[in-house]
Amino acid sequence: MTGYPAAFLSLAFVLCLSTACSSSKSKETPEQQAETGLTAYQAHIREVVQDPVRADQLVQLSTEFQGVIEEAGRSLESYDAKVSRLNANYGATRTEFQALFDRQDQERAGLIERAIALRTRMAAITTDAEWAELKKARVAEWQLQLAEARN
């Protein structure tokens, strides 16, 4: 699966993890968990990518990608609040709901496009072996977070 649908699923998966982790039994806040995870991932980048210039670029891009994830989380929270307010208004029209849905769809599409652009840039500055090694770390972290969320 490539392109827009894959990026959407990746971003949606990360958002689900962020939401799931917030209910985790960890003593860290979701923000602290995200920061801890990002710091660990960036340290792993520096281990895997031996060229310091490319490693610095990847670290910067991973910070930007985390920013997109956080922005997507804030957008989802805002959207949820707006839907709740509109839903509580018994006089709300179909047009008002559709306008809200359309705005959220546009915002989500913009976030997905930014995430795709960042991941494309990240992949372009890594070798296939580096990308595969970094992917293993991401998948392992996701699996750990899912296990914590299930408990």
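Every number here is computed from the coordinates shown, using simple stated rules; none is lab data. All of these numbers come straight from a predicted model, not from anything done at the bench. Backbone-built Cβ (ideal geometry, glycine too); neighbour counts: all protein chains shown.
Between Val83 and Phe101, the simple spin-label model (points 7 angstrom out along Cα→Cβ) gives 1.1 nm. In sequence order, the stretch 73-80 has phi-based couplings of x, 5, 4, 5, 4, 5, 4, 4 Hz under the Karplus curve 6.51 cos²θ - 1.76 cosθ + 1.60, θ = phi - 60°, and Gly or Pro positions carry x. 3J(HN,Hα) couplings calculated from phi for the stretch 96-112 with the Karplus curve 6.51 cos²θ - 1.76 cosθ + 1.60 (θ = phi - 60°) are, in sequence order, 5, 5, 5, 4, 5, 4, 5, 4, 5, 4, 5, 5, 4, 4, x, 5, 5 Hz; Gly and Pro show x.
Counted residue by residue at 0.36 nm each, then reduced by the alpha carbon distance between them, the extension gain from Thr120 to Glu133 reaches 3.0 nm.
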